[in-house]
Amino acid sequence: MTDLRVSKRSQARIRIAMQGPSGAGKTYSSLLLAFGLTGNWSKIAVIDTENQSADLYAHLGQYNVISVGSPQTPEKYVEAIEICEKAGMEAIIIDSISHEWETLLDIHSNMPGNSFSNWAKITPRHNALLNKILSCSAHVIATVRTKQDYVLTDKNGKMVPEKVGLKGVQRDGLEYDFTIVFDVNIRHQASASKDRTGMFVDVPDFVIGVETGRKIADWCMEGASASQKQSSFSLTEQFEESLTFHDSITNCQTMDELIKLFNANPSLQQVYRDEFIAQKNKLINQPNFRQNGTAAH
């Protein structure tokens, strides 16, 4: 067991999900973000599952690329991350993480036997990848494809179809494992649907650039520790609040309830991060867990 220490922002490594429809600019935005985080193209690696799409932006700088071929299993992603870590990469872009989930869905659909019990074999493989991302020594940016749809919008008095992104192609609850989730639209504008840093909350849609990465890098290196933020509470108040909110988390019986509680308490997301993840894993490991993220009763 390691020694108890005071939390330090300088030891933080950011975990960012970049989700949006095809053509939204997720890869390009991720590269600019990574350069802002590191300031060095040679310290950036792209784990490419998109048929060498990462090479389309080679003019930006001499970043590194490692390709993951089909079938894109969680184990291949983990191996690619480990290769990047050993090479001393400071920012790793997973482009995209959606292929991993689609591969697992294909494997599950072809497995004989009971569908619910088969998830007990699939879930640990998926969790192994998430745990690797969380423990990675580098910053991690994962792109997530969204299911596409078209809506009619008014442009100069004419109704024209516009492509929009819907739900991300990944397992429900993925947002728990990331510090920031950026939603990028077809106009290449981003908004934060989740932000533990607090820097992008209620910020109008913006275009992600190098400065965005630098801003996040500053947050990783600076700021008050968790203990300083809680100094205004007495020990008794902290203990009572901890028990009450911890019970609220463990009392969630479905993913919908857990996500609702998580989104309703942005100031407590980081403090109770481990508890949220533990309850999420408890729910999805239930034999009667449904793909849509709720448990059958």
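The values are calculated or read from the model by the stated rules, or taken from the named source; none is laboratory data. On a predicted model such as this, the values are computed, not experimentally measured, just so you know. Counting neighbours? That spans all protein chains shown, and the Cβs are built from the backbone with ideal geometry, glycine included. Note: areas computed on protein heavy atoms with side chains; ligands, DNA, RNA excluded. Shrake-Rupley method; radii C 1.70, N 1.55, O 1.52, S 1.80 Å.
Points worth noting:
- Net charge, T250 excluded, C-beta distance under 13 Å - Lys, Arg +1, Asp, Glu -1: -2
- List D202, D95, ordered by accessible area with a 1.4 Å probe, largest first: D202, D95
- Pairs exceeding 32 Å between alpha-carbon atoms, taken from K194/K282; K215/K282; K76/K147; K158/K215; K155/K260: K215/K282; K158/K215; K155/K260.
- Surface composition of segment 1-132: carbon and sulfur make up 51 percent of the accessible area, probe 1.4 Å.
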